[in-house]
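The values are calculated or read from the model by the stated rules, or taken from the named source; none is laboratory data. Owing to the predicted nature of the structure, the values given are computational and were not obtained by experimental measurement. So basically every Cβ, Gly included, is an ideal-geometry build from the backbone, and we count neighbours across all protein chains shown. Areas reflect the complete protein model, heavy atoms only, side chains present, ligands, DNA and RNA absent. Shrake-Rupley method; radii C 1.70, N 1.55, O 1.52, S 1.80 Å.
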Amino acid sequence: QVQVVESGGGLVQPGGSLRLSCAASGTNFSLDVTSWYRQSPGKQRELVADIRGDGVTAYSDSVKGRFTISRDGAKKSVYLAMSSLKAEDTAVYYCNVHAGPYVLWGQGSQVTVSS
């Protein structure tokens, strides 16, 4: 079964850091473009960051300079390192993985930034 499993969400104080992980399994295809999205209550899901197959990255303006997307091709994993977190970063974060013919979504990780 091809699937993606996320980990690493939680509660953090403003200014703190968290690292999300997303691992694909059940496929021999290499990762193509992989992305992190987030969704807050009452808002549409928004693209936070993505990384292409050639390693080129892109970020939304709201997280640029604070978040870093990376991946480990051998582990079929993608990561989102988040620092200088703000209350407005509170959301459920989802990874989206393209691998061969598959387009996979993670189950979602709650990130809450609060004092």
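A few points about this structure:
- Taking segment 58-77 as the range and being closer than 11 Å to residue 34 by Cα, assigned to a strand (DSSP E or B) and out of contact with any Asp or Glu (no Cβ under 8 Å at 6 or more places or on another chain) as the test, the residues that pass are 70, 71, 77.
- When segment 92-109 is filtered for residues that are open to solvent by 80 Å² or more (accessible area, probe 1.4 Å) and in a strand (DSSP E or B), the ones remaining, listed by number, are 102, 103, 105.
- Condition check for residue 2: open to solvent by less than 60 Å² (accessible area, probe 1.4 Å) and within 10 Å of the chain's Cα centre (by Cα): no
- Hits in segment 9-39 (condition: in a loop (DSSP other than H, G, I, E, B) and modelled with pLDDT under 95): 9, 26, 27, 28, 29, 30
- Members of segment 34-56 found to be surrounded by 13 or more Cβ atoms within 10 Å (Cβ to Cβ) and either under 18 Å from residue 19 (Cβ atoms) or among the small types (Gly, Ala, Ser) (or both), listed by number: 34, 35, 36, 37, 38, 40, 48, 49, 50, 51, 53
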